[in-house]
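The next block holds one structure in the form of structure tokens; read it before the comments.
The values are calculated or read from the model by the stated rules, or taken from the named source; none is laboratory data. Here the structure is a predicted model, which means the values were calculated and not measured. Virtual Cβ from ideal backbone geometry, glycine too; neighbours counted across all protein chains shown.
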Ligand code: FES
């Protein structure tokens, strides 16, 4: 744990006062608390003082203590405890707080600090020459599951590589920090697994509604199974994992019965979307499994499970993905229930780079290693 002291007297301004707008905000904030509990406003007031001046000065601490009628030592305790309060002047455009606690350390935080040393200043708590950037090592910031990570102002940037941190620092230096999306910097939602869920995927078993739907399903879909039976086998193997999630008609006993030649009449209305999708003209052409398939997992957004599904569709190479037209991308997106992720992650651009020159070309195009 770092020692946190107030800045040298030479750096301290003689006085502090909230701006008119901030003073009004402070009054309103203090009034939120019951009579006699106004001291509870100490954290937001100190934070507002920091947002106003860029850091928490001794004069600001004294001012907040006076406003809340608190002993000065109590406000000092708060200001010196939380690393969110900057007790020294920091970079005017960004102050990078790098978590150095064990999970982040094991996942590469030292390399992130090397980036700060080379791009900002060899020592923490010093600004760069322009005074725009500074950095420090802090203890756990509570995003360990997406380690390693940094915090800039109130936002965290997670799942970082040194290359990605360089890009983020450059963006802040260029005044474009607001354009960098906080949170995970890889393809995952919050702390969900990369490449999609790997467990707890069976909605039928998980929810009451799912169980009810499953119970009602046989009556509804019996007629639809004959449609599935008529689907000509694709040039790829029959999907397994995806079929469980998205094409129950193909896997169900009723469908197998239908495929044996006992198709029920009227198949159109209830035909499941997935069965129709498999014979869709927009389904990308598959190929036979080559002796050495490409590692599709290098494409951001493709995990082991998704790679398995792509293989089942006959997709084995970067070159195949690189050639997908919009309609084909939409078909695959719908098949995987990806809700636009193929476009957002730009699989085609990634696949083109990987097909052209492997990882080296990917690094040249994207400025970072694949996955
Ligand atoms: S260890 Fe880094 S956020 Fe918790």
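So here's what we get for this one:
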quantity: Number of the condition not met by residue 172 [criteria: (1) within 16 Å of the ligand (Cβ to nearest atom); (2) surrounded by 15 or more Cβ atoms within 10 Å (Cβ to Cβ)]; calculated: (1)
quantity: So residue 70, is it in contact with a helix residue (DSSP H, G or I) (Cβ under 7 Å, 6 or more places away or on another chain) and either assigned to a loop (DSSP other than H, G, I, E, B) or at pLDDT 95 or above (or both); calculated: yes
quantity: Pair list, Cβ under 8 Å, 6 or more apart: the stretch 96-120 residue free of Cβ contacts under 8 Å to residues at least 24 places away in the same chain, other residue away from the ligand (no atom under 14 Å from the Cβ); calculated: 117/123
quantity: Candidates 168, 189 - the one that is without any contact (Cβ under 8 Å) to a residue 24 or more places away in the chain and within 12 Å of the chain's Cα centre (by Cα); calculated: 189
quantity: Count of the stretch 176-196 residues which are closer than 17 Å to residue 345 by Cα and assigned to a loop (DSSP other than H, G, I, E, B); calculated: 14
quantity: Those residues of the stretch 334-348 which are surrounded by fewer than 18 Cβ atoms within 10 Å (Cβ to Cβ) and at pLDDT 85 or above, in sequence order; calculated: 346
quantity: Which listed residue, of 100, 91, is within 22 Å of residue 144 (Cα to Cα) and touching a strand residue (DSSP E or B) at 6+ places or on another chain (Cβ under 6 Å); calculated: 100
quantity: Some residue of the stretch 47-56 being within 29 Å of residue 139 (Cα to Cα), out of contact with any helix residue (DSSP H, G or I) (no Cβ under 8 Å at 6 or more places or on another chain), part of a loop (DSSP other than H, G, I, E, B) and not assigned by TED's automatic domain parsing to the domain that holds residue 132; calculated: yes
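One line per residue, one yes/no per condition, for (1) buried (at least 18 other Cβ atoms within 10 Å of the Cβ); (2) within 16 Å of the ligand (Cβ to nearest atom); (3) modelled with pLDDT under 95:
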| residue | (1), (2), (3) |
| --- | --- |
| 103 | no, yes, no |
| 108 | no, yes, no |
| 112 | yes, yes, no |
| 116 | yes, yes, no |
| 130 | no, no, no |
| 134 | yes, no, no |
| 147 | yes, yes, no |
| 152 | yes, yes, no |
